[in-house]
Amino acid sequence: MSFTLSLAPCLPSPVPLPPSFSLRNTLLKPTILTRTRHQLFTSSCLAAKAATSPSETAKDVVLETTLTPAYEVVSSFYAAINVHDLSSVTDLIAQDCVYEDLVFSSPFVGRTAILEFFGKFIEATSTDLQFVIDDISKEDSSAVGVSWHLEWKGKNFPFSKGCSFYRLQVIDGKRQIVYGRDCVEPAIKPGDTVLAAIKGVTWLLQKFPQLADQF
């Protein structure tokens, strides 16, 4: 994410910060020693506003400094699934969340449908099968990308590599997942056949563009 904004429009000059104000996010783990430029920019703007009109911006300052980071929300989601703690997943998912697992023909819409799906997943597996996060993006407060794989008792599970995307929003003072999409490694890997199929479909659409409305 590019950082193209300037602090000039937000910071009156000069504006001293209140002695009690801290840019530290108290909910972050102690090992996280720095914050992103975007977070620093937002907090600085809030600090300046709080200094000039604290009654109007106090809630914004508190919200910014106490919200759980987006990547921690997503990490908590995987951790709860790993221990089969479905109750902990509930508050992480927005009421009207949409979740797409591309193995299925249609998305799961709403918290109830999503929890039912993961309930079935938990029933079909044991805690020996674990999601292991390989990489997770931490810079954005509203979108998180994850690459992961499954392990069975510490050993790689076959055909289990995946990538996921999550969009989050702040709802009732909590950052929640409002959209998710999972792309999982296929068990059958057609290789170059896929390119031939794409070429064939492209030719078909060029000849009969009206077919695009059927997808």
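If Ser147 passes every condition in (1) modelled with pLDDT of 95 or more; (2) among the small types (Gly, Ala, Ser); (3) more than 23 Å from Ile188 (Cα to Cα) but one, which one does it miss?
Going through (1) modelled with pLDDT of 95 or more; (2) among the small types (Gly, Ala, Ser); (3) more than 23 Å from Ile188 (Cα to Cα) one by one, Ser147 breaks only (3).
How many of the residues in the range 94-107 are open to solvent by less than 90 Å² (accessible area, probe 1.4 Å) and within 27 Å of Asp172 (Cβ to Cβ)? Write out each step before concluding.
Of the residues in the range 94-107, the ones open to solvent by less than 90 Å² (accessible area, probe 1.4 Å) are 94, 97-101, 106-107.
From what is left, the residues that are within 27 Å of Asp172 (Cβ to Cβ) are 94, 97-101, 107.
Summing the residues that are open to solvent by less than 90 Å² (accessible area, probe 1.4 Å) and within 27 Å of Asp172 (Cβ to Cβ) in the range 94-107 gives 7.
Return only the number of the condition from (1) in contact with a helix residue (DSSP H, G or I) (Cβ under 8 Å, 6 or more places away or on another chain); (2) in a helix (DSSP H, G or I) that Gln95 does not satisfy.
Result: Gln95 fails condition (2) only.
Mind checking whether some residue in the range 108-115 is outside any helix (DSSP H, G or I) and open to solvent by less than 30 Å² (accessible area, probe 1.4 Å)?
As a first pass, look at the range 108-115 and keep what is outside any helix (DSSP H, G or I): 108-110.
Subset that is open to solvent by less than 30 Å² (accessible area, probe 1.4 Å): 110.
Yes: one or more hits.
Take the conditions surrounded by 11 or more Cβ atoms within 10 Å (Cβ to Cβ) and under 14 Å from the mean Cα position of the chain (by Cα) and apply them to Ser164. Does it pass?
Numbers: surrounded by 11 or more Cβ atoms within 10 Å (Cβ to Cβ): yes; under 14 Å from the mean Cα position of the chain (by Cα): yes.
Taking the combined requirement at face value, the residue satisfies it.
Please go through the range 83-92 and pick out each residue that is within 18 Å of Lys174 (Cα to Cα), in a loop (DSSP other than H, G, I, E, B) and either open to solvent by less than 50 Å² (accessible area, probe 1.4 Å) or at pLDDT 95 or above (or both).
Answer for the range 83-92, where residues must be within 18 Å of Lys174 (Cα to Cα), in a loop (DSSP other than H, G, I, E, B) and either open to solvent by less than 50 Å² (accessible area, probe 1.4 Å) or at pLDDT 95 or above (or both): just Leu92.
Phe77: open to solvent by 40 Å² or more (accessible area, probe 1.4 Å) and either within 20 Å of Gly162 (Cβ to Cβ) or aromatic (Phe, Trp, Tyr) (or both), yes or no?
Details: open to solvent by 40 Å² or more (accessible area, probe 1.4 Å): no; either within 20 Å of Gly162 (Cβ to Cβ) or aromatic (Phe, Trp, Tyr) (or both): yes.
No; evaluated as a whole, the condition is false for this residue.
State the number of residues belonging to the range 183-201 that are of a type in the set (Val, Ile, Thr) and in contact with a Leu (Cβ under 8 Å, 6 or more places away or on another chain).
Narrowing the range 183-201 to residues of a type in the set (Val, Ile, Thr): 184, 188, 193-194, 198, 201.
Those still in the list that are in contact with a Leu (Cβ under 8 Å, 6 or more places away or on another chain) too: 184.
Count: 1.
Lys174 - would you say it is among the basic types (Lys, Arg), over 21 Å from Thr68 (Cα atoms), out of contact with any Gly (no Cβ under 9 Å at 6 or more places or on another chain) and open to solvent by 30 Å² or more (accessible area, probe 1.4 Å)? Can you show your working first?
Details: among the basic types (Lys, Arg): yes; over 21 Å from Thr68 (Cα atoms): no; out of contact with any Gly (no Cβ under 9 Å at 6 or more places or on another chain): yes; open to solvent by 30 Å² or more (accessible area, probe 1.4 Å): yes.
Criteria not met by Lys174.
Exactly one of these conditions fails for Leu205: (1) of a type outside the set (Ser, Thr, Tyr); (2) modelled with pLDDT of 95 or more; (3) touching a helix residue (DSSP H, G or I) at 6+ places or on another chain (Cβ under 9 Å). Give me its number.
(2)
So, in the range 188-207, how many residues would count as being in a loop (DSSP other than H, G, I, E, B) and either surrounded by 10 or more Cβ atoms within 10 Å (Cβ to Cβ) or among the small types (Gly, Ala, Ser) (or both)?
Kept after step one, since they are in a loop (DSSP other than H, G, I, E, B), are these residues of the range 188-207: 188-191.
From what is left, the residues that are either surrounded by 10 or more Cβ atoms within 10 Å (Cβ to Cβ) or among the small types (Gly, Ala, Ser) (or both) are 190-191.
Residues that pass the stated criteria total 2.
The values are calculated or read from the model by the stated rules, or taken from the named source; none is laboratory data. Every value quoted in this text rests on a predicted model; they were computed, and no experiment measured them. When we count neighbours, we look across all protein chains shown, and the Cβ atoms used for this are built from the backbone with ideal geometry, even at glycine. Please note that ligands, DNA and RNA were not included when accessible areas were found on the heavy atoms of the full protein model with its side chains. Shrake-Rupley method; radii C 1.70, N 1.55, O 1.52, S 1.80 Å.
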